[in-house]
Each structure stands twice: as structure tokens, then as C-alpha cells.
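Student: Pasting a structure here, questions to come.
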Amino acid sequence: RELTRGFLEQLCTQCLAELAAAGATSIDWRFSYPKSFTVNEKQSYDEIRTQVLTSLAQNTGRKEQPQTQITCRMDERYLVPESLAIAAYYDRDYGADRSNGIVCLDIGGGSTDLAFWYGERPDITWQTSLRLAGRQIFRDVLFARGNVKLLQELNISASFNHQLGELIRLSGGSQSSDSVQAKNAFGLKLDTFLKYHEEEIKDAWADGCARSPGLAKLRQIILLALSGLLYYAGMVFGQQYKEGTFNHLVRFHAVYIGGNGSKLLDLAAG
């Protein structure tokens, strides 16, 4: 909860500073959430975003400088599941052809949100959220049995391997432990590591998999998991089609995949 609140408050404060510099005096905030949230998780998230907005209001100016005060409001109409948010994004920014139907997958860290949108109706045709995403597909695999050391076989650089050593250490002491705390500590370091070395890893990946059986197996695991997500989407579409949901469908070709976890498609493709 503390990490989530800290992340959201930092992100929103940076947005707020840029908007203030641009002369904004009022901001409507919109939030999305994974539909796979439990009732307790959703309630916790609502509490956190309320706390964040309260903090933002306190950070936007002082009483003696009312001209710097910015009104922050929660736009309750747009507190929506992530599957709706990503479908609306592709509809608006990519000109997705809803008349022929679109499939949207938002592969995040903890969940993959899936939406079908067919026809001109404003409502999403079908949506769900799965607890299978980047953490399960990549983080947990690298964490298990110290598999993260396989990244050494990419032969990128001495500094790369030096920074990788911290991740190896974090995963190495957990052979008999599968604690959430240990995985989270490893995951935070991994996120930072990947942010700085993402392009280097992608550039070295194909040759690394060709040389290293371990890396090749890691690629197969990623490929299997992502294929599973797409296969599931296909099964759901097939069932919906049999039930007549898409009875006027001429063609169904537009599949949009986003979210931070979608970067794993590059590794799956080799």
C-alpha cells in the first residue's frame, strides 16, 4: 500500500507541476484499475487515490498565495477498469475500426486486462481481467532458482554484469522461500535494471538465445505464457461468436496489445 501510494503521489505530483507551469487552474483526475481486483483490493485502491488527491490539494499553493492554488477533482465518470481505458485509448488515438471489431489486451505487471469492442455501441462488448502478466511471466521465472543469472550469458558488458550481481544476490538467498516480500524486493530492483538496460537486452537477445540453452528455454517460457493469453482471448471470442454476439461480423483483424508487459513480445519473438 505504501509503495502504491508513493508511486501514484509522485507521478501525479509531476503531472501537477507540469500543468501548473502551463497555467492550469483546475484539473480533473481519472484513474483506472484492474478488473481482477478483489473487493478488498479495490477498496484499498480507492482509499489510496483519495489520499493522493488530498495530498495534491495541499501541494498546489498556500493561503497567502491563492493565485497558485489549483483545484483538483476526481472525475468519477472515468473510474473504470483498465480494459475499458485501453479500448478507449486505441479507439481515440489509433482510429481502431470498431465496426469490424477490436481486441485489446493490456499486459501489465500483475494483470492482463482484455476487452472486445464490436460495432458502434459505446459499451464494451465483453471484458475481463486475468492474474497473469509480467510478474508471473518474467519476474517470478527469473527469481526462481536464481534464473536471473542467465542474463549474464548475454555477454553485454562488465558494468551490466556488475549491476546484475545485486539481482543474483537477492534471488540466491531464497531457494527455500517463496515469500511475497522477497519477490517484491527482487521485482523493484529488476524494474529499475530493465529500465536502464532494456535496449541492450533486446539487441543481444537473439544471439544470446542461439548460444545459450538456458536463455533459449527462458524465451520458450515467455512465448508459452504470451501464447496462452492470446489463446484464451481466441477461445473467448469463439464462444462469443457461437452465442451470436458477433453475428454481423465481416472480418476481425484488429488486435491491440499494450502495457509494460507487452515488451515481452520482443523477447518471445527472439
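Student: Quick check: is even one residue across segment 35-53 of a type in the set (A, V, I, L, M, F, W, C), open to solvent by less than 60 Å² (accessible area, probe 1.4 Å), modelled with pLDDT under 85 and in contact with a helix residue (DSSP H, G or I) (Cβ under 9 Å, 6 or more places away or on another chain)?
Tutor: no
Student: Can you tell which of 202, 263, 242, 217 is open to solvent by 30 Å² or more (accessible area, probe 1.4 Å), within 12 Å of residue 107 (Cβ to Cβ) and either basic (Lys, Arg) or at pLDDT below 95 (or both)?
Tutor: 263
Student: If you don't mind, another one. Taking the stated definitions as given, is residue 211 touching a residue at least 40 places away in the same chain (Cβ under 8 Å) and open to solvent by 90 Å² or more (accessible area, probe 1.4 Å)?
Tutor: Here the answer is yes, as residue 211 does meet what is asked.
Student: Taking residue 197 and the conditions (1) assigned to a helix (DSSP H, G or I); (2) open to solvent by less than 30 Å² (accessible area, probe 1.4 Å); (3) at pLDDT below 95, which numbered condition does it fall short on, given that it satisfies the others?
Tutor: (3)
Student: Could you check how many residues of segment 10-42 are over 19 Å from residue 80 (Cα atoms), in contact (Cβ under 8 Å) with a residue 24 or more places away in the chain and either β-branched (Val, Ile, Thr) or assigned to a helix (DSSP H, G or I) (or both)?
Tutor: Counting residues in segment 10-42 that are over 19 Å from residue 80 (Cα atoms), in contact (Cβ under 8 Å) with a residue 24 or more places away in the chain and either β-branched (Val, Ile, Thr) or assigned to a helix (DSSP H, G or I) (or both) gives 5.
The values are calculated or read from the model by the stated rules, or taken from the named source; none is laboratory data. Small disclaimer: the values here were computed from a predicted structure and weren't measured. Heads up, the Cβs are rebuilt from the backbone with ideal geometry, glycines too, and the neighbour counts pull from every protein chain shown. Heavy atoms of the whole protein, side chains included, go into the accessibility calculation; ligands, DNA and RNA do not. Shrake-Rupley method; radii C 1.70, N 1.55, O 1.52, S 1.80 Å.
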